[in-house]
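The values are calculated or read from the model by the stated rules, or taken from the named source; none is laboratory data. Small disclaimer: the values here were computed from a predicted structure and weren't measured. Note: ideal-geometry Cβ built from the backbone for every residue, glycine included; neighbour counts use all protein chains shown.
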């Protein structure tokens, strides 16, 4: 199918437009149709990539330098496939999560627009088109975070909006400088015409600063924890698994395909690596201090994103670029599935228990065994234990560091795994603790407990209840006030649990399937250089 590159963008875009025009009850069906359509398009893309290597698609017959081309290589294809698989799991989860909630009517069109924007980002060959897509993703993310409907979510959405605008301005200024010194915005051919003078280096610095702000790389991470922790669970999974990867994907293109020499002759590689190391240590230590489950997972995202930037310190020699690229892309894949599973599991906990307080998770392993199991499996991948995908990604990164005798980075990566184990075990230890025995005060009778809860809710009634009763009633108040989750005596819906479990197992089993994705990543690696405008072009 010659038009598959553009159809992977058009299918979710048309589904999003249809979901805005048709009754909301049809939106999940449109999303499912989009999954089927894009899934069928990925197969011919994959076959053509294996047969002919990277190729360009000319939109409207206008090729470079007049038109905006699409470009498909191994890295871009795997990002497309990852997006499809993750959205399938998140969509399955969202069917149950938003059932009966007014926010669901707004969620599905936004999700489809995010999908179209991400696919466009992963196939476009124009750096200004990337800017337009980043702007769209930023605005959509703000709307998705605000779906929670709480003051905390609105504040987090505003903080995210300000960060996104700042990052976009830096990126746009850098793109303008790139065009002023090169005369083109096609990233595949920029490396053939761009000279690495002061103007180009300044442009790269501005673009990188903007992308770091959008990716929430330490110390520009201030917006991420609250945004991810206060958004609805499916939105948190989407933000942490896919949105932050979009900006990093552009960083890869900039540093490896457009400015390949800067990493080899400047201090940029070690500097970016140090920022990544700081993110690993800071994010992990902050995660250990959190008292809320979703905040802990959000800070772990800050830590895990640090691994992506350590990659730049390991790519200073040309012979290391391809193995380091394979390692970091595979790590990004496994992290995306694991982190989505963790946030989705946190949503199950929050909906079932009415809260996500870590000190009140005792006994949740008995009540939610499958969800806690998913936490453990996804945590194994975050830690980097075999045979998970996280293990393969971290092992390959450490292998590059050891082969180049860059011991400092090997130690940082290993310490990051140990710290990840600490905060993952913190969750599991709380969940597997036996629930505390009932204290004497509430055992005076259900009528007294009900009276105490009523007093706490209405402010009326007689003497103040015992502390244990106050704690119980405050949990009811919290659950009733928060649209993110409410205490539910019934077991969680199967869709919530099994979608979480599926993504967790995917992150775990990726390690068993590592060889072939690594080969796909190598297709179109930077060392091969760009192709001529007419090579393998689809009309």
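A few comments on the model shown:
- Taken together, the criteria exclude residue 278 from residues that are out of contact with any strand residue (DSSP E or B) (no Cβ under 8 Å at 6 or more places or on another chain), modelled with pLDDT under 90, surrounded by fewer than 24 Cβ atoms within 10 Å (Cβ to Cβ) and assigned to a helix (DSSP H, G or I).
- Only one of the listed residues (315, 334) is surrounded by 24 or more Cβ atoms within 10 Å (Cβ to Cβ) and closer than 25 Å to residue 191 by Cβ. That residue is 315.
- The listed residue being under 18 Å from residue 131 (Cα atoms) and crowded, with 16+ Cβ neighbours inside 10 Å, out of 163, 148: 163
- Test for residue 20: is it surrounded by fewer than 19 Cβ atoms within 10 Å (Cβ to Cβ), over 23 Å from residue 523 (Cα atoms), in contact (Cβ under 8 Å) with a residue 24 or more places away in the chain and over 21 Å from the mean Cα position of the chain (by Cα): yes
- Selected residue [in contact (Cβ under 8 Å) with a residue 40 or more places away in the chain, over 24 Å from residue 196 (Cβ atoms) and more than 18 Å from the chain's Cα centre (by Cα)] from 156, 148, 163: 148
- Selection within segment 179-201: residues that are free of Cβ contacts under 8 Å to residues at least 60 places away in the same chain, assigned to a helix (DSSP H, G or I) and touching a helix residue (DSSP H, G or I) at 6+ places or on another chain (Cβ under 6 Å). The member of this set that is surrounded by the fewest Cβ atoms within 10 Å (Cβ to Cβ) is 193.
- Of all residues in segment 100-141, those satisfying the criterion of being outside any helix (DSSP H, G or I) and free of Cβ contacts under 8 Å to residues at least 60 places away in the same chain are 100, 102, 124.
- Odd one out for residue 305, checked against (1) part of a helix (DSSP H, G or I); (2) at pLDDT below 90: (2)
- Among the residues listed as 41, 45, the single one being touching a strand residue (DSSP E or B) at 6+ places or on another chain (Cβ under 7 Å), free of Cβ contacts under 8 Å to residues at least 60 places away in the same chain, part of a helix (DSSP H, G or I) and more than 23 Å from residue 101 (Cα to Cα): 45
- Screening the candidates 188, 132, 142, 123 for the property of being closer than 22 Å to residue 54 by Cβ and modelled with pLDDT of 90 or more yields one hit, 123.
- Residue within segment 215-224 that is under 24 Å from the mean Cα position of the chain (by Cα), modelled with pLDDT of 90 or more and not in a loop (DSSP other than H, G, I, E, B) present: no
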